[in-house]
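First comes the structure, then the notes that go with it.
The values are calculated or read from the model by the stated rules, or taken from the named source; none is laboratory data. Please read all numbers here as calculations on a predicted model, not as lab measurements. A quick note on method: Cβ atoms are made from the backbone with ideal geometry, for glycine too, and the neighbour counts reach across all protein chains shown.
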Amino acid sequence: MLKRFFIICSGADTDILEGCSIGEQNKYTGIGATVFFTAVMAFIAASYALYTVFDNLYSSIFFGLIWGLLIFNLDRYIVSTIKKTGNVIDELIQASPRIILAIIIAVVISKPLELKIFEKEINQVLLEQKNEMTLANKTQLAKQFTPNIDELNNNIITLQQEIDTKEAEVNQLYNTYIAEAEGTAGTKLLGKGPVYKEKREKHDALLAELQQLKTDNKAKIISFENEIAKLKGDYNMQVANTQPIINNFDGLMARIEALGKLPWLPSLFIFMLFLAIETSPILAKLLSPKGAYDLKLEDLEMAIKTNVLQNKNQLEALLKTDYAINDRIYSDIEKESELYTYKRKKARELMQLQADAFYKQQKNIL
């Protein structure tokens with residue numbers, strides 16, 4: 001049962017193959033098994049590739065099954081249409097388009113399996129890319145918020161410097177009137193005289209200005225700090241909103257690009273393996289000698305071709321003979337006077353009818 005199934009997979013004519021030797025049947029059984037298992041590998045590869053795209057198991061299996069059946073049908077067609085002619089060059093020319101198609105199929109099958117085999121290495125490459133993208137994303141977003149934040153910080157520094165400058169002036173006036181009271185500077189008279197009072201009043205006025213300046217600038221600083229906090233919150237929100245996009249950067253195309261950054265030699269060996277599997281049925285038919293199955297198939301096709309040619313020639317001869325007979329019959333009829341008289345009479349009647357019809361038409365017009 002299994003042997004017959006693999007023979008059907010090879011595309012061979014089972015009726016012809018049943019009359020061949022066991023060895024000939026085993027050859028086509030092996031070819032059919034290769035076609036079948038290539039389709040199975042195509043199903044697995046396509047299912048995994050589609051799973052990385054759709055992230056749905058049932059959809060991936062369904063479309064993977066369709067792809068596997070498509071590959072199975074193509075391989076079976078490719079193998080079944082290669083005919084053994086005994087001429088190596090003719091067979092290579094005949095098989096060259098099929099070999100090119102087999103190479104394309106091998107690429108399509110091997111690539112998803114490479115993604116699965118090197119999944120851990122690809123994940124490492126993707127992690128590095130995601131980290132780089134995260135840093136680049138933060139840097140790019142920071143360019144939108146940093147100028148405003150820096151401007152607000154500079155405003156806060158300016159306001160604080162105004163307070164510090166005013167506070168230094170107040171402290172200097174404080175030291176001046178204290179020194180005047182102690183007699184260590186100014187008039188150098190001990191006690192709180194008129195000069196002391198003047199300097200004290202100047203200090204108190206400047207101190208009041210300092211208190212007002214602190215109140216005003218502190219309110220402005222708090223407002224600027226709130227704006228800075230809001231900008232930082234917006235920045236963090238932008239980072240949080242864009243991070244899932246970076247985290248989901250692991251689709252099929254991203255994985256293929258990541259695979260390209262890995263050493264190429266292992267991928268080449270895997271591709272060569274699938275290329276050998278995919279082309280093995282074709283190569284087996286090309287390299288194998290012309291067997292009993294090929295001879296019987298050629299004999300059957302030749303018999304059908306001969307029969308078709310014979311029927312075609314017979315029909316052509318029959319048609320040619322029929323033409324000749326018809327020519328003779330009409331030639332004989334042409335010489336009969338009875339037929340001439342009858343046809344002359346009918347022609348005369350027809351012309352009279354035409355003349356009457358023309359006369360009626362002209363009369364109606366007038």
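A compact table of results
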| item | result |
| --- | --- |
| Residues being loosely packed, with under 14 Cβ neighbours inside 10 Å and acidic (Asp, Glu) - total across segment 134-171 | 3 |
| Qualifying positions in segment 271-302 - farther than 22 Å from Ile8 by Cα and surrounded by fewer than 18 Cβ atoms within 10 Å (Cβ to Cβ) | Met272, Leu273, Met302 |
| Residue match in segment 250-270 (condition: in contact with an Asp or Glu (Cβ under 6 Å, 6 or more places away or on another chain) and among the β-branched types (Val, Ile, Thr)) | yes |
| Qualifying residue in segment 341-360 (condition: surrounded by 11 or more Cβ atoms within 10 Å (Cβ to Cβ), over 35 Å from the mean Cα position of the chain (by Cα) and part of a helix (DSSP H, G or I)) | yes |
| Subset of segment 81-130 (residues that are under 21 Å from Asp294 (Cβ atoms) and part of a loop (DSSP other than H, G, I, E, B)) | Thr81, Ile82, Lys83, Lys84, Thr85, Gly86, Asn87 |
| Qualifying positions in segment 40-57 - buried (at least 23 other Cβ atoms within 10 Å of the Cβ) and more than 9 Å from Pro112 (Cβ to Cβ) | Ala42 |
| Among the candidates Arg328, Arg255, residue that is over 30 Å from Ile31 (Cα atoms), in contact with a Leu (Cβ under 6 Å, 6 or more places away or on another chain) and not aliphatic (A, V, I, L, M) | Arg255 |
| Some residue of segment 72-85 being farther than 16 Å from Leu286 by Cα, assigned by TED's automatic domain parsing to the domain that holds Ile277, in contact (Cβ under 8 Å) with a residue 24 or more places away in the chain and loosely packed, with under 15 Cβ neighbours inside 10 Å | no |
